[in-house]
Amino acid sequence: MSIFKRIFDFYLQASFHVAFSCWALVKLTECWFHLPNDHNVSGFAFFGTIVGYNFVKYDALVRTRKQTPKAQHQLIAGISFMAFLGAVYCFLQLQSLAQMASMAVLLLTVLYTLPFFPNRKNARNWAGVKIYMVTLCWLVVTLFLPIVQAGMPIESDFYFFTVQRTLLVFSLVLIFEIVDLKTDDPHLQTVPQKIGVGATQKLGVLLMILFVLIEFLAPHPLGPITLVKIGLALTTSLMLLCANPNRSRYFSWFWAESIPIVWWLAVWFLSR
């Protein structure tokens, strides 16, 4: 294995890429609503995503001790601890209402990972719940948190953007569920497990069509950003149609998670 592939794999496994994806969505919210560039919010989203995702991915390994942690896992644990310190620092700089929203996401993450109730699995293994919990957490961190922190009043544009963000994140999670179909526990009752891969792809494409229609119904004027959103919807739809259980993890871990990053880069370029 080449050194570059090892570094790239570590970059993905340590959740840096998904953290950049979350950070990009926060920046898109700031750009769309003309919010100040708040490093505490974006920093909390970035560091918190590293901590949250690594906690979800590696908790079972540590808690059950089924195998001795490898050097790579120990390094990821060290990075996660430093990210935790960064998230705590940013959290302490947030407004009280934003802190409450952050705590709600933390509670959902812990509930998602740890079995709190007697004779019950964690929320991650509750039938049909996974995609809604993930979507809700991303919505709170990337949309609600920046707006609350900035003290922006809730106006009609916010509701349109909330629906769009929900449709996008939900569709991206569908890509993961299709790719993970062979490895997911059948009791999870993910969308592809319940309705099949083909129907899941059609559902995702339909959600992206709604994403574009909402853009034309929203009260804000159309412009170059609208073209970017149409391109985003087309790219996500293509990813959905190309997704299948035989795809490698790179398809979802890198390419699907790159969509928000590319979206932010396009908006950032147009706004300069």
Matching residues in the stretch 87-139 - criterion: being hydroxyl-bearing (Ser, Thr, Tyr), crowded, with 16+ Cβ neighbours inside 10 Å and either modelled with pLDDT of 75 or more or farther than 26 Å from Ile175 by Cα (or both): Ser102, Thr109, Thr135
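Listed here are the residues, each with its yes/no results for (1) open to solvent by 30 Å² or more (accessible area, probe 1.4 Å); (2) under 22 Å from Leu172 (Cα atoms).
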residue: Phe4; (1), (2): yes, no
residue: Ile7; (1), (2): yes, no
residue: Lys27; (1), (2): no, yes
residue: Cys31; (1), (2): yes, yes
residue: Pro36; (1), (2): yes, no
residue: Val41; (1), (2): no, no
residue: Gly48; (1), (2): no, yes
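Part of a helix (DSSP H, G or I), over 30 Å from Phe158 (Cβ atoms) and out of contact with any His (no Cβ under 8 Å at 6 or more places or on another chain) - does that describe any residue in the stretch 203-219? Steps first, answer last, please.
We begin by selecting, within the stretch 203-219, every residue part of a helix (DSSP H, G or I); these are 203-217.
Now narrow it down to the ones that are over 30 Å from Phe158 (Cβ atoms): none.
No, that holds for no residue.
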Working carefully through the options Val197, Val228, find the one that is touching a residue at least 40 places away in the same chain (Cβ under 8 Å), open to solvent by less than 40 Å² (accessible area, probe 1.4 Å) and under 16 Å from Trp264 (Cα atoms). Val228
Those residues of the stretch 147-168 which are within 19 Å of Leu203 (Cα to Cα) and among the charged types (D, E, K, R), in sequence order: Arg165
How many of the residues making up the stretch 215-225 are out of contact with any Asp or Glu (no Cβ under 7 Å at 6 or more places or on another chain) and surrounded by 17 or more Cβ atoms within 10 Å (Cβ to Cβ)? 2
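The values are calculated or read from the model by the stated rules, or taken from the named source; none is laboratory data. Keep in mind that this is a model prediction, so the values were computed, not measured. Cβ coordinates were reconstructed from backbone atoms using ideal geometry, including for glycine residues, and neighbour counts include every protein chain displayed. Only protein heavy atoms, including side chains, enter the accessible area calculation; ligands, DNA and RNA are left aside. Shrake-Rupley method; radii C 1.70, N 1.55, O 1.52, S 1.80 Å.
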